[in-house]
Amino acid sequence: MMHSDAGRRMLIRESWQRSLRERLSPDAAATSVDLAADGLRDLRNGHPLADVLPVVHNLLIRHAVDAGLIVAVSDERGRLLWVDGDHAVRRRAEAMRFVEGTDWSERTRGTNAPGTALATRQSVQIHQDEHFTRLAASWSCTAAPVRDPTTRALLGTIDITGFDHAVAPQTLPMVEAAVAAIEAELRLIALKQPEKHTRLQRTGPSADAKLVEMRVLGRDHGQVAVGNHTGELRPRHAEILALLAWHPQGLSAERLTILLHEHTVSVDHVRAEMVRLRKQLTRLAPGIIIESQPYRLRMPVALDAREVLDLLDRGAHRAALAKYHGAVLPSSVAPGIVDMRSEVSGQLRQALLSDASADLLLAYARTDEAHDDAQVWQACLDRLPSHSAKRAGVIARLTTISAEIGTPARF
């Protein structure tokens, strides 16, 4: 996904804000390797991306060696499973612990290409001091998420790290093309070798499992749906489940407490709510299982807010707007939900302002969210043909907004 300069700056700024909320330090020293050799081997052997390493090698690694770059493959939690490429560059990257077995999720290392690609579920390029940690400030990287082609659950990322060449204009489309080839290969594996497709079950539902959906857009009480059965969650439980679906890598009890409460409270409050939520899910949606340490969903839940962003990633703006039924849990004041709400509505607004047709942008302007947004209405006017009969209504709306905020209308 190509970003405009303004969109890319917003992505970096929001990532830094998330890093600061995690109370990370830019000056933190390099951490030790998170996975011992045995643990890394087991994780690799059981991971679905192990089956597509030849594709990664043919499309990226063999070219990376000549270009002075390294290629990293992470899992869905940001742990680097394989790192290959230029030998000298790999040795230099060891100083910042960019090595196999380390956790490069955004919640651990702050803004970085693999971690931020997982956090935002979109392709990213991070230039030098855009990294949150100063250890990575001399490096640049490009990464894109890889999804299970059947369930669309995150499987991990493909990353290219190095210096200026790592963020060259052609690097991002090259990585995205490699990811498309990887997902196509995974689809072929599922068709030709069904026994290998069982690896995907560790990150996604089995082929005969019913899809579990969660709806939080435009409603204060979250709704879970399994097949034809739907159930409503009380607001606090909806907040918890939405946050876990939004953070598939998991959340510690302490972090979940911070995301749920405006003021400092004991983690015991969250633990008690979690007990009640699990009991409610046993009745409403037995397929939703919440693991502990950290709290995370065993199987992915299709969150409507995330689906809007996925549609935007694919350029399906009309489908994204149709899916967007309003703000995420609009009455919630939980900090994590407020951030989620801002990210979804902000990305939708920015995408439509950047690329939508006049008619689609006008449909967005008529929603409650954009009803008083002068910039959106002005963009509608700018895109409508001079002879369009719709211009009169747009001018009338702009005149009303200008009168309400006390500024002269400009047409």
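The values are calculated or read from the model by the stated rules, or taken from the named source; none is laboratory data. These numbers were taken from a predicted model, which means no experiment stands behind them. Every residue, glycine among them, receives a Cβ derived from its backbone with ideal geometry; neighbour counts consider all protein chains shown.
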Being more than 22 Å from D148 (Cβ to Cβ), assigned by TED's automatic domain parsing to the domain that holds S123, surrounded by 18 or more Cβ atoms within 10 Å (Cβ to Cβ) and free of Cβ contacts under 8 Å to residues at least 40 places away in the same chain is the requirement here; does D84 meet it? yes
Checking the structure you have, find out if any residue of region 144-159 is closer than 20 Å to V52 by Cβ, over 17 Å from the mean Cα position of the chain (by Cα) and assigned to a strand (DSSP E or B). no
Among the residues of region 89-103, are any of a type in the set (S, T, N, Q) and in contact with a helix residue (DSSP H, G or I) (Cβ under 6 Å, 6 or more places away or on another chain)? no
Would you pick out the residues in region 293-326 that are closer than 28 Å to A177 by Cβ and charged (D, E, K, R)? R306, E307, D310, D313, R314, R318, K323
Restricting to region 378-396, name every residue that is under 16 Å from L321 (Cβ atoms) and either of a type in the set (A, V, I, L, M, F, W, C) or free of Cβ contacts under 8 Å to residues at least 24 places away in the same chain (or both). A379, C380
Of all residues being surrounded by fewer than 16 Cβ atoms within 10 Å (Cβ to Cβ) and not in a loop (DSSP other than H, G, I, E, B) in region 8-37, which is modelled with the lowest pLDDT? Just the residue, please. A37
Take the conditions free of Cβ contacts under 8 Å to residues at least 40 places away in the same chain, in a loop (DSSP other than H, G, I, E, B) and either out of contact with any Cys (no Cβ under 7 Å at 6 or more places or on another chain) or assigned by TED's automatic domain parsing to the domain that holds R21 (or both) and apply them to T257. Does it pass? no
Within region 303-372, helices (runs of 4 or more DSSP H) holding 1 or more residues that are at pLDDT 90 or above and more than 16 Å from G218 (Cβ to Cβ): 335-355, 358-365
Out of (1) at pLDDT 90 or above; (2) touching a helix residue (DSSP H, G or I) at 6+ places or on another chain (Cβ under 8 Å); (3) exposed (fewer than 13 other Cβ atoms within 10 Å of the Cβ), the one D382 does not meet is (2)
With the first residue restricted to region 158-179 and required to be not assigned by TED's automatic domain parsing to the domain that holds V71, and the second required to be buried (at least 21 other Cβ atoms within 10 Å of the Cβ) and hydroxyl-bearing (S, T, Y), Cβ contacts under 6 Å at 6 or more apart or on different chains are none
Name the residue, out of T230, T282, that is over 29 Å from G78 (Cα atoms), at pLDDT below 90 and assigned to a helix (DSSP H, G or I). T282
